[in-house]
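*Asks:* The structure follows.
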Amino acid sequence: MSLKLAFGGKGGVGKTTLSALIARIIAQEEKKVIAIDADPVSNLASALGISEDIEITPIAQLSDLIAERTGAKPGTMGGFFTLNPKVDDIPDRFSHERDGVKLLVMGTVQKGGSGCICPESTILKALMLHLVLQRDEVVVMDMEAGVEHLGRATTSSVNALVTVVNPGKRSRVAALQIRKLAEDMGIKRVLVIGNRVRSEEDRQMIMDSLSDFEILGFVPELTEVAESDRTGERPYDDINTVPQALKEIALKLASLE
């Protein structure tokens, strides 16, 4: 089974940008990579440089597909529908690829809460199970604050939940919350990346506040990333120009077992 990584972190820490860059670096190592946008605020396509002209419909909104595979219309609760729908063709049919990274946008269930038993959640969880347990690509998941699409059958096979933090006391609070969630879900390894580190003081602050965490490394404040946010372009169009610190973190992740 290939590497499976989930990225988490509170809003604004740079989680999506880092997960996209890391996916691209790993793909450059001649590995097959599929990036999963499982955040309701979907920005992974832009971070990967997929054109805004390409209309991407999240899997959760593919009503005809969900009805066909589950036997029930999306938005319905209760009733009868299959809990084991066919999903093995979905990644290849509905992903968009650039530079060796396939993107699959999951979307979110709009009604009933994250734990609802409905056709949409059933197809999303079956798809995630397939991606984690049966595909041979490296899977890089950009997750929301929770892990709505991950069930206990999949989390035990995720190699690590990578928590992105910024300097500051709030980093520990967010990291502790994410680690507790990971433990509850059966994810055995939680790693930390310190992002937007401007000084040795920032670096030390993260190390001191998260001394009981495994820290992968530190990424400096990057002008290229700030500029890409303004222009809407992906940062580091030439992936060979990424900072060495980020490349080393990506290669550490690629070597996880």
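*Asks:* Let me make sure I get this right: for the stretch 121-257, a, b and c are the square roots of the gyration tensor eigenvalues over alpha carbons, sorted descending. Under 1.5 in a/c it's rounded, otherwise prolate if a/b > b/c, else oblate. Which is it?
*Replies:* Numbers: a/c = 1.90, a/b = 1.34, b/c = 1.42.
Oblate shape, in that a/c is at least 1.5 and b/c is the bigger or equal ratio.
*Asks:* Quick one: if you stick a label point 7 Å off each Cα along the C-beta vector at Glu221 and Asp238, how many nm between them?
*Replies:* Using points 7 Å along Cα→Cβ, the separation is 2.6 nm.
*Asks:* Which one of Asp142, Asp39, Asp208 has the biggest mean-square fluctuation once the chain is modelled by GNM with Cα springs under 10 Å?
*Replies:* Asp208
*Asks:* So the label point goes 7 Å from the Cα of Lys32 along Cα→C-beta, right? Which residues of the stretch 1-26 then have their backbone N under 14 Å from it?
*Replies:* Within reach of a label on Lys32, which here means backbone N under 14 Å from a point 7 Å along Cα→Cβ, the stretch 1-26 contributes 1-3.
*Asks:* Does the stretch 185-257 classify as rounded, prolate or oblate by the C-alpha gyration tensor (a ≥ b ≥ c root eigenvalues; a/c under 1.5 gives rounded; else a/b over b/c gives prolate, otherwise oblate)? Write down the numbers at each step before the final one.
*Replies:* Details: a/c = 2.09, a/b = 1.40, b/c = 1.50.
Here the stretch 185-257 falls in the oblate category.
*Asks:* With a cut-off of at most 15 other beta carbons within 10 Å, and DSSP calling the residue loop, which GluC sites (Glu not before Pro) in the stretch 25-95 qualify? Please list them.
*Replies:* Hits after loop and neighbour filter: Glu29, Glu30, Glu52, Glu55.
*Asks:* Over the chain, what percent of the accessible surface lies on carbon and sulfur atoms, probe 1.4 Å? Mind showing how you got there, number by number?
*Replies:* Numbers: 5810 of 12150 Å².
Here it works out to 48 percent.
*Asks:* I've got another one for you. Just to be sure I understand: with springs between alpha-carbon atoms less than 10 Å apart, which residue in Pro74, Pro235, Pro243 has the highest mean-square fluctuation in the Gaussian network model of the chain?
*Replies:* With Cα springs under 10 Å in the chain, the top fluctuation among Pro74, Pro235, Pro243 is at Pro243.
*Asks:* Same structure, new question: Given Lys4/Lys252; Lys32/Lys188; Lys4/Lys32; Lys10/Lys32; Lys31/Lys247, which pairs have Cα atoms separated by over 18 Å? It would help to have the intermediate numbers written out before the result.
*Replies:* Working: Lys4/Lys252 13 Å; Lys32/Lys188 24 Å; Lys4/Lys32 12 Å; Lys10/Lys32 28 Å; Lys31/Lys247 15 Å.
Beyond 18 Å between Cα atoms: Lys32/Lys188; Lys10/Lys32.
*Asks:* Relative to the present Cα-Cα distance, how much length would full extension add between Lys73 and Arg93 at 0.36 nm per residue of separation? Don't skip to the answer; put the middle values down first.
*Replies:* Values: separation 20, 0.36 × 20 = 7.20 nm, distance 2.07 nm.
Full extension of this stretch gives 5.1 nm more.
*Asks:* Another one. On the principal axes of its Cα set, how long, how wide and how thick is the stretch 158-200? Give whole Å, largest value first.
*Replies:* In descending order, the Cα extents are 35, 19, 11 Å.
*Asks:* Let me know the shape class of the stretch 1-97, please: from the alpha-carbon gyration tensor, a ≥ b ≥ c as square roots of the eigenvalues, rounded when a/c is under 1.5, otherwise prolate if a/b is greater than b/c, or oblate. Working shown, then result.
*Replies:* Values: a/c = 2.00, a/b = 1.76, b/c = 1.14.
It comes out prolate by the Cα gyration axes.
*Asks:* Determine the equivalent ellipsoid of the chain by diagonalising the alpha-carbon gyration tensor, then write out the semi-axes as square roots of 5 times the eigenvalues, largest first, rounded to whole Å.
*Replies:* Details: eigenvalues 188, 84, 53 Å².
Sorted largest first and rounded, they come to 31, 21, 16 Å.
*Asks:* How much of the DSSP bridge set in the chain is antiparallel, in percent, rounded to the nearest 5?
*Replies:* Values: 3 of 32 bridges.
Roughly 10 percent of the DSSP beta bridges within the chain come out antiparallel.
*Asks:* Ordering Met185, Met106, Met207 by accessible area with a probe of 1.4 Å, largest first, what comes out?
*Replies:* Values: Met185 40, Met106 0, Met207 75 Å².
I get Met207, Met185, Met106, largest accessible area first.
*Asks:* Loop-only trypsin sites (Lys or Arg not before Pro) in the stretch 151-244, please: DSSP not H, G, I, E or B, and at most 11 other Cβ atoms within 10 Å. Working shown, then result.
*Replies:* Working: sites: Arg152, Lys169, Arg170, Arg172, Arg179, Lys180, Lys188, Arg189, Arg196, Arg198, Arg203, Arg230; in loops: Lys169, Lys188, Arg189, Arg198.
Passing both the DSSP loop test and the Cβ count: Lys169, Arg198.
*Asks:* Also, I was wondering about something else. At 7 Å along the Cα-to-beta-carbon direction for both Ile54 and Arg189, put a label point, then send me their distance in nm to one decimal.
*Replies:* Calculated label separation equals 3.0 nm.
*Asks:* Any chance you could check the Cα centroid distance between the stretch 14-56 and the stretch 159-234 for me, in angstrom?
*Replies:* 18 Å
*Asks:* Next up: Quote the relative contact order of the chain in percent (integer), defining contacts as alpha-carbon pairs under 8 Å separated by 6+ residues.
*Replies:* On the way: 458 pairs, mean separation 68.3, N = 257.
Result for the chain is 27 percent.
The values are calculated or read from the model by the stated rules, or taken from the named source; none is laboratory data. Model, not experiment: these values are computed from the prediction. FYI the Cβ positions are ideal-geometry reconstructions off the backbone, even for glycines, and counts take in every protein chain you see. Accessible surface is based on the protein model in full, side chains and every heavy atom, while ligands, DNA and RNA are left aside. Shrake-Rupley method; radii C 1.70, N 1.55, O 1.52, S 1.80 Å.
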